[in-house]
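Each value in this text was obtained by applying a stated rule to the coordinates, not by laboratory testing. Given the structure is predicted, the values throughout are model-derived calculations rather than measurements. All Cβ positions, even for glycine, are placed from backbone atoms using ideal geometry, and neighbour counts span all protein chains on display.
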Amino acid sequence: MNFKSFGWVAALLAAIWVVEAVNLLTGNAVNGWLGLRPRSLGGLDGIVFMPLLHGSVAHAAANTAPLAVLGALLVITARSVALMASLLIVILGGLGVWVFGSSAIHVGASGLIFGWFGFLVARGLVERRLVPLLVAVGVAVVYGTMIWSVLPGQPGVSWESHFFGALAGIAAARALRGAA
């Protein structure tokens, strides 16, 4: 395993912070331009851009560590399917939010975080091999409490992104079973 394997995860994190800087300079205008707006044709591009956009520096910071940790685990344990799993999570999770989400503008990488969580846990169960199973247990122990935020309840938080991201991660683990 070399550091090049982590390049796209590092690029994602760098892009999040560049976009956050631009957002700060424009008074969060980028979120309005590129955020996911459910059931709006103009909001479809938000499916792709939502993971790069955040509501504040604190929001971007809160997503940085889980993205780095879960992204690294994904690359280390499922390198051959990590990028495809991520694309499936972004597209399927984003489509779920676009179809079923509340009328707010949805931004943030938490859908991807929940997707990676769902993928890593589900992969351990569907692959039934030692390393993916140990990773699944470790991820469930360390990040398991975040599962409560897939339910509505916290104002201003897109629980829909969490929910559909996790479902997309589980679907990706099933679709890519045996490929890693």
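At a glance:
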item	result
Candidate set from the stretch 130-171 (those that are touching a Ser or Thr at 6+ places or on another chain (Cβ under 9 Å) and among the β-branched types (Val, Ile, Thr)); member that is nearest to residue 86 (Cα to Cα)	135
Residue that is farthest from residue 133 (Cα to Cα) [pool: residues in the stretch 65-98 that are surrounded by 15 or more Cβ atoms within 10 Å (Cβ to Cβ) and of a type in the set (Val, Ile, Thr)]	97
Positions within the stretch 97-153 being on the phi < 0 side of the Ramachandran plot, assigned to a loop (DSSP other than H, G, I, E, B) and not basic (Lys, Arg), in sequence order	101, 102, 103, 104, 105, 107, 109, 151, 152
Condition met for residue 105 (over 13 Å from the mean Cα position of the chain (by Cα) and within 23 Å of residue 29 (Cα to Cα))	yes
Pair list, Cβ under 8 Å, 6 or more apart: the stretch 60-73 residue over 15 Å from residue 5 (Cβ atoms), other residue assigned to a helix (DSSP H, G or I) and among the polar types (S, T, N, Q)	63/110
Where a residue in the stretch 74-93 is without any contact (Cβ under 8 Å) to a residue 12 or more places away in the chain and of a type in the set (Asp, Glu) and its partner, wherever it lies, is assigned to a helix (DSSP H, G or I) and surrounded by fewer than 21 Cβ atoms within 10 Å (Cβ to Cβ), with Cβ under 8 Å and at least six apart	none
Close pairs from the stretch 115-131: first under 9 Å from residue 166 (Cβ atoms), partner hydroxyl-bearing (Ser, Thr, Tyr), Cβ under 7 Å, at least 6 apart	117/143
